[in-house]
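Asks: Pasting in a structure now, in structure tokens, and then I'll have a few things to ask.
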Amino acid sequence: MEKLRLNPKWVSSLWLISVVFVLLFFIGASSEKTPDRNLPRSTNHRELLMNNSLGVQLFTKDNQREVTMDNGIVQVTLSSPDGFVTGIKYNGIDNVLQTKNEVDDRGYWDVVWYEPGKGGDINIDKLPCTDFRVIKSDEEQLEISFTRKWNISLRGSKAPLNVDKRFILRSGLSGFYYYAILEREKGWPDVDIDQTRIVFKLQQEMFHFMAITDDRQRIMPMMVDRESGQALDYPEAVLLTNPINKELRLIFYTSYAKLLEKTISLHVFPLKIPFKTFVDDKYQYSMENKDNKVHGWITTDDTPVGFWMISPSDEFRSGGPTSQDLTSHVGPIVINMFTSIHYGGKEINTEFRNGEAWKKVLGPSLVYLNSASSKDKTLTLWTDAKTQMDREVQQWPYNFINSEDFPKQDQRGSVFGQLKVNDRFISERLMDADSAYVGLAAPGDVGSFQIETKGYQFWTRTTKTGSFVIKNIRVGNYSLYAWVPGFIGNYQYQYNIIVTPGSKIDLKVIVYEPPRNGPTLWEIGIPDRSAAEFFIPDPNPTLMNKLFNNHPDKLLSSLGNMGCGNDMEIYIAIGILNTQLALVIILETGSLLMLPGKFFLFFFIFYLYSLLVRSNHCDVLIRNIGKKTYEGTTWQIIFQLESWKTGNYKLQLALASANGAEIQVRFNDADRANRALFSTGLIGKDNAIARHGIHGLYKLYTIDVPSSRLQKGNNTLYLTQSRHIGAFEGVMYDYIRLEGPTGN
């Protein structure tokens, strides 16, 4: 049988045609835009880093209206010369930012500002820039700058600030650094700045899991859930009635009765109540500066990706280590707050007057991305983000920042010493200031660090012996401030401290003498600048957040995490009253009855008849009498004096927060028509009550109590919160103490 033979020319032609066809197929396939969620993903974050063989590169396109930084792991695209982050490409996702938003509403800086005396109009400036330049570019690192110079023609439209926004991409790093240099020149117009921050808005179809601490992480609602929900008494608080995510449609309210049954019998809800409603509020996720080092979001698909905000230092934040502010919240949104008035009101806005010149570096901080190979490894991304945070802390201050305004480690100084406490009514010897907060901030009055926002602050905690070391301090003139848990008041070192490059300043032993007039007759609370030891009524179970309901094991584990703070939304507070002088009995009227006794340690419950508005909030010292009408309330503390001495007694009244409030103090006089012995006057605008804070700005009042106002035997102290225009006026008590006359 004859075999079929092919012409060699035909074979060559067929081979050439097939090669061309294959090439055209792959070219065509690569030119098609693959949907974001179907792009191939790396199966391992470590593998993604190891496979990077490219140096850091900068690309421009669209007639240089866009610039892209690329290190082979992550690509960051910014508008030019505006300096908005428009895209972040990572691990097969074309853009983790919300592409439905305009280019100036994905990743951006902004300041909230106004000119005083100009009608009070609030302006938001997203700091669009006018010039772009490359600061450094090699295979190891790329740093780029977007700048704007202010001039008088911009008055009224742009905040009177020179702006320099910097972005840094380094080889081998799964993320990028950012910082901003803001500056005012001498003679510029007066301005108030209420807020400075950077914001990233993520793909809402992808990022559903949020983590801000080890015990505050969960599947989150979506923005559409908030839009369809019911706005509550405070606009940021929204009752979610039918969330899209099925995991959020059934929430169980866990009773805490078993935890308290040995101390007090309370009426509680059944053990499990299913309901489809709960409250979401961005202020439920606030954190204190000292803890605000890492937070972010994770996608919920088969190969999870994490997006994290990492801040290794809070030297550029304001208000001290326990000042609190926003982090991540529904959007999904990731924020780094540098200044704001959220928990301090106008007392902590950044105010410039009389042509004051100023410059400050905000940051640097890191946007970090990571990935996992499977959904069951989702939480490893949180662990990895914390590990990366630890690395960043160890590297601080960074040595790769290319700005003379950011000093390196050898250009900074340190201060060290030992803090002691002298309170002769507690100990005849000096006491070690265990776990005290010690810090440097701009010179000012005692305690002024709480409201200082223009300069840098450097804080640490003392050891058990009161020793402290404050490292990496910028060159400058500072006051040293401190406060000691367990003692009232603020400490301030008598001399200013001048830090120079490389200086090591030894303060040796410094002594704090807290306010004290005489011996303690009785005390309520713990002087820790929080309302942790004070109780408010059970919240409505339909107005709660599941994130805070599922930690019943923590209710009695730590006083610092109890009460009405962010850590526990159930807001149970079993405080401890340390005194041998009195036994507290709760009266049905809400008063306290204090009787003599030798009780070293016992539980104290303060059941205050306060307003329970439709928002999960803290001690509100007003009563709702219906139809959005309110009235002031009075707390009665009934106590006995076994002996009565002539002379001045002292009432130490420490407040953890105040908002539009006035506390009137009376002894043995229930008639509010009579003039009070003491009044704070109208105080506070810190809004911590409405924003789930356990504290705002600390205030201490030392009140003279003439012996003529007291008597041997039964006495009653009346504390009246007299202001009642709105729903959120009130105070949070920190600590109350009555002292006998000097010499007793």
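The values are calculated or read from the model by the stated rules, or taken from the named source; none is laboratory data. Predicted model only: the values in this text are computed from it and were never measured. Counting neighbours? That spans all protein chains shown, and the Cβs are built from the backbone with ideal geometry, glycine included. The protein model used for the area step is the full one, side chains on, heavy atoms only, and it has no ligands, DNA or RNA in it. Shrake-Rupley method; radii C 1.70, N 1.55, O 1.52, S 1.80 Å.
Asks: Which of the following residues is touching a Pro at 6+ places or on another chain (Cβ under 8 Å) and at pLDDT 95 or above: Met389, Met337? So that I can check it myself, show each step before the final result.
Replies: Values: Met337 fails: touching a Pro at 6+ places or on another chain (Cβ under 8 Å).
On inspection, the qualifying residue turns out to be Met389.
Asks: Here's a follow-up. Suppose we filter segment 487-501 for residues that are outside any strand (DSSP E or B), in contact (Cβ under 8 Å) with a residue 60 or more places away in the chain and either open to solvent by 50 Å² or more (accessible area, probe 1.4 Å) or among the β-branched types (Val, Ile, Thr) (or both); how many remain?
Replies: Here the count works out to 3.
Asks: Those residues that are in contact with a Pro (Cβ under 8 Å, 6 or more places away or on another chain) and closer than 24 Å to Lys360 by Cα, I need them from segment 468-504; list them, please.
Replies: Passing the criteria: Asn472, Arg474, Val475, Asn477, Tyr478, Ser479, Asn496, Pro501.
Asks: Still on this model: Take Val294 and tell me if it is modelled with pLDDT of 95 or more and either under 27 Å from the mean Cα position of the chain (by Cα) or not hydroxyl-bearing (Ser, Thr, Tyr) (or both).
Replies: Yes.
Asks: Let me ask something else. Pairs under 7 Å by beta carbon, first residue in contact (Cβ under 8 Å) with a residue 12 or more places away in the chain in segment 153-172, partner part of a loop (DSSP other than H, G, I, E, B) and among the aliphatic types (A, V, I, L, M), six or more apart or different chains?
Replies: Val163/Leu127; Lys165/Leu127; Leu169/Val56; Arg170/Val56; Ser171/Val56
Asks: May I pose another question? Would you mind finding the one in Asp384, Asp390 that is on the phi < 0 side of the Ramachandran plot and either touching a helix residue (DSSP H, G or I) at 6+ places or on another chain (Cβ under 9 Å) or part of a loop (DSSP other than H, G, I, E, B) (or both)?
Replies: Asp384
Asks: Same structure again: Hey, Asp62 hits all of (1) surrounded by fewer than 16 Cβ atoms within 10 Å (Cβ to Cβ); (2) of a type in the set (Asp, Glu); (3) touching a residue at least 40 places away in the same chain (Cβ under 8 Å) but one; which does it fall short on?
Replies: (3)
Asks: Restricting to segment 115-146, and then to whatever is of a type in the set (Ser, Thr, Tyr) and open to solvent by 30 Å² or more (accessible area, probe 1.4 Å), can you tell me which residue is farthest from Glu66 (Cα to Cα)?
Replies: Taking the candidates together, the pick is Ser137.
Asks: I'd like to verify a number: residues in segment 310-356 that are part of a strand (DSSP E or B), within 19 Å of Pro443 (Cα to Cα) and among the charged types (D, E, K, R), how many?
Replies: The number of residues fulfilling the criteria is 1.
Asks: Do we find a residue being within 19 Å of Thr633 (Cβ to Cβ), of a type in the set (Ser, Thr, Tyr), assigned by the TED database to the domain that holds Glu631 and open to solvent by less than 20 Å² (accessible area, probe 1.4 Å) anywhere in segment 706-713? Walk me through it before giving the result.
Replies: Here is the first cut: in segment 706-713, the ones within 19 Å of Thr633 (Cβ to Cβ) are none.
No, segment 706-713 contains no residue that is within 19 Å of Thr633 (Cβ to Cβ), of a type in the set (Ser, Thr, Tyr), assigned by the TED database to the domain that holds Glu631 and open to solvent by less than 20 Å² (accessible area, probe 1.4 Å).
Asks: Can you say whether Asp125 is among the charged types (D, E, K, R), modelled with pLDDT under 95 and within 28 Å of Ile88 (Cα to Cα), as far as the supplied structure shows?
Replies: Here the answer is no, as Asp125 does not meet what is asked.
Asks: Still on this structure, I have one more. List the number of the failed condition for Ile168; all other conditions in (1) farther than 28 Å from Tyr398 by Cα; (2) open to solvent by less than 50 Å² (accessible area, probe 1.4 Å); (3) touching a strand residue (DSSP E or B) at 6+ places or on another chain (Cβ under 7 Å) hold.
Replies: The number of the failed condition is (1).
Asks: Being open to solvent by 70 Å² or more (accessible area, probe 1.4 Å), under 27 Å from Tyr493 (Cα atoms) and touching an Asp or Glu at 6+ places or on another chain (Cβ under 6 Å): is that true of Lys359 here? Lay out the reasoning, then the answer.
Replies: Values: open to solvent by 70 Å² or more (accessible area, probe 1.4 Å): yes; under 27 Å from Tyr493 (Cα atoms): yes; touching an Asp or Glu at 6+ places or on another chain (Cβ under 6 Å): yes.
So Lys359 fits the description; yes.
Asks: Take Phe176 and decide whether it is within 18 Å of Arg106 (Cα to Cα) and part of a strand (DSSP E or B).
Replies: Taking the combined requirement at face value, the residue satisfies it.
Asks: Please indicate, with yes or no, whether at least one residue in segment 634-653 is farther than 22 Å from Leu521 by Cβ, surrounded by 16 or more Cβ atoms within 10 Å (Cβ to Cβ) and within 32 Å of the chain's Cα centre (by Cα). Give the derivation first.
Replies: As a first pass, look at segment 634-653 and keep what is farther than 22 Å from Leu521 by Cβ: none.
No, segment 634-653 contains no residue that is farther than 22 Å from Leu521 by Cβ, surrounded by 16 or more Cβ atoms within 10 Å (Cβ to Cβ) and within 32 Å of the chain's Cα centre (by Cα).
Asks: On the basis of being assigned to a strand (DSSP E or B) and either among the hydroxyl-bearing types (Ser, Thr, Tyr) or touching a residue at least 60 places away in the same chain (Cβ under 8 Å) (or both), does Lys201 make the cut?
Replies: Yes; evaluated as a whole, the condition is true for this residue.
Asks: What number of residues within segment 311-347 are more than 14 Å from the chain's Cα centre (by Cα) and open to solvent by 20 Å² or more (accessible area, probe 1.4 Å)?
Replies: Going through segment 311-347 one residue at a time, the tally reaches 3.
Asks: Answer yes or no as to whether Ser137 is in contact with a Lys or Arg (Cβ under 8 Å, 6 or more places away or on another chain) and at pLDDT 95 or above.
Replies: No: the conditions fail for Ser137.
Asks: Identify, please: which residue in segment 192-248 is aromatic (Phe, Trp, Tyr) and closer than 26 Å to Ala385 by Cβ and is, among those, most open to solvent (accessible area, probe 1.4 Å)?
Replies: Applying the filter and picking the extreme gives Phe209.
Asks: Filter segment 362-378 down to the residues that are modelled with pLDDT under 95 and out of contact with any Ser or Thr (no Cβ under 9 Å at 6 or more places or on another chain), then identify the one that is most open to solvent (accessible area, probe 1.4 Å).
Replies: By that ranking, first place goes to Asp376.
Asks: Residues Tyr437, Tyr456, Tyr398: which one is in contact with a helix residue (DSSP H, G or I) (Cβ under 9 Å, 6 or more places away or on another chain) and open to solvent by 10 Å² or more (accessible area, probe 1.4 Å)?
Replies: Values: Tyr456 fails: in contact with a helix residue (DSSP H, G or I) (Cβ under 9 Å, 6 or more places away or on another chain); Tyr398 fails: open to solvent by 10 Å² or more (accessible area, probe 1.4 Å).
Result of the check over Tyr437, Tyr456, Tyr398: Tyr437.
Asks: Please verify whether segment 689-701 includes one or more residues that are of a type in the set (A, V, I, L, M) and open to solvent by less than 10 Å² (accessible area, probe 1.4 Å). Lay out the reasoning, then the answer.
Replies: Taking segment 689-701 and keeping what is of a type in the set (A, V, I, L, M), we get 689-690, 694, 697, 700.
With the extra rule that they be open to solvent by less than 10 Å² (accessible area, probe 1.4 Å), the set shrinks to 689-690.
Checked segment 689-701: at least one residue is of a type in the set (A, V, I, L, M) and open to solvent by less than 10 Å² (accessible area, probe 1.4 Å).
Asks: Looking at segment 460-473, which of its residues are within 12 Å of Val415 (Cβ to Cβ) and open to solvent by 50 Å² or more (accessible area, probe 1.4 Å)?
Replies: If the condition is that a residue be within 12 Å of Val415 (Cβ to Cβ) and open to solvent by 50 Å² or more (accessible area, probe 1.4 Å), then Val469, Lys471 are the ones that fit.
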